[in-house]
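To start, the structure itself, in structure tokens.
The values are calculated or read from the model by the stated rules, or taken from the named source; none is laboratory data. Since the model is a prediction, treat every value here as computed from it, not as a measurement. Heads up, the Cβs are rebuilt from the backbone with ideal geometry, glycines too, and the neighbour counts pull from every protein chain shown. Just the protein is used for accessible areas: all its heavy atoms, side chains included, with ligands, DNA and RNA removed. Shrake-Rupley method; radii C 1.70, N 1.55, O 1.52, S 1.80 Å.
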Amino acid sequence: MAMVQIKKLRADATLPTRGSAFAAGYDLRACLDGDEAVSIPPHRTLMLHTGLSFALPEGTFGAVFARSGLAAKQGLRPANCTGVIDSDYRGECMVALHNDSGEERVIRHGDRIAQLVLLPFLPMEFEETDALPGTARGEGGFGSTGR
């Protein structure tokens, strides 16, 4: 199990939690002022505070994904589809929540707004070349592997 240091930037921020023992994602919650509620108009994006910052292990990143129920039932998802928290970032984790629905959506303090998954990554180096090794697929693009 990876150890992640977390800092509450506000006393009323909520630490991430999992919905079940086998859930891959940890729920991130909105951290709003008091009983404040915010509205997200149809087809608009709103930056939401979580009140948390993280020290993620080197060689990992935090992937911020949509909560499946929120996306399917209310049309709310991270605006960039998957947010990335780099392991050297120490600022507040913010969620740009986009409303894909045709109705205004309301978010209240403590509402679950996204989920955080810790993922490993491989650093890359790039080597310019005049030719790439061949494959059976070659340059076949979108739909090229279908029948």
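Of note:
- Rounded to whole Hz, the Karplus (6.51, -1.76, 1.60) HN-Hα couplings of the stretch 13-20, x for glycine and proline: 6, 10, 5, x, 9, 9, x, 8
- For Ile113, the residues whose modelled amide H falls within less than 5 Å of its own, excluding neighbours fewer than 5 places apart on the same chain, are Leu28, Arg29, Ala30.
- The mean sequence distance of close C-alpha pairs (under 8 Å, at least 6 residues apart), as a share of the length of the stretch 55-102, puts its relative contact order at 43 percent.
- The string of couplings for the stretch 62-72 from the Karplus curve (6.51, -1.76, 1.60, θ = phi - 60°) is x, 9, 9, 10, 5, 7, 4, x, 5, 5, 6 Hz, one whole number per residue in order, with x for Gly and Pro.
- For log10 I(q)/I(0) by the Debye sum over Cα atoms at q = 0.12, 0.14, 0.15, 0.20 Å⁻¹, calculated from these coordinates, the label among (i) -0.46, -0.63, -0.73, -1.33; (ii) -0.56, -0.74, -0.82, -1.26; (iii) -0.61, -0.76, -0.83, -1.18: (iii)
- Taking every protein chain into account, the accessible area of the stretch 24-129 amounts to 57 square angstrom per residue (probe 1.4 Å).
- Linear extension gain, Ala72 paired with Glu125, 0.36 nm per residue minus alpha-carbon span: 15.3 nm
- Stretching Met1 away from His43 to a fully extended chain increases their span by 11.3 nm, per 0.36 nm per residue minus the current alpha-carbon distance.
- Listed residues Ser20, Ser101, Ser68, most fluctuating in the chain (Gaussian network, C-alpha, under 10 Å): Ser20
- Its alpha carbons considered, the stretch 10-81 gives a radius of gyration followed by a Dmax of 13.7, 38 Å.
- Dipole magnitude of the chain, debye to nearest 20 (Cβ charges: Lys/Arg +1, Asp/Glu -1, about Cα centre): 700 debye
- Under a Gaussian network description of the chain, with springs only between Cα atoms under 10 Å, the residue in Phe22, Phe65, Phe121 that fluctuates furthest is Phe22.
- Table column - 3J(HN,Hα) (Hz), the stretch 39-45, Karplus curve with 6.51, -1.76, 1.60, x for Gly and Pro: 10, 10, x, x, 6, 10, 10
- Taking the chain as a Gaussian network of alpha-carbon nodes connected by springs under 10 Å, the highest mean-square fluctuation of the residues Arg90, Arg137, Arg112 belongs to Arg137.
- Full extension of the chain segment joining Thr82 with Ala96 gains 4.0 nm, where the gain is 0.36 nm per residue of separation less the Cα-Cα distance.
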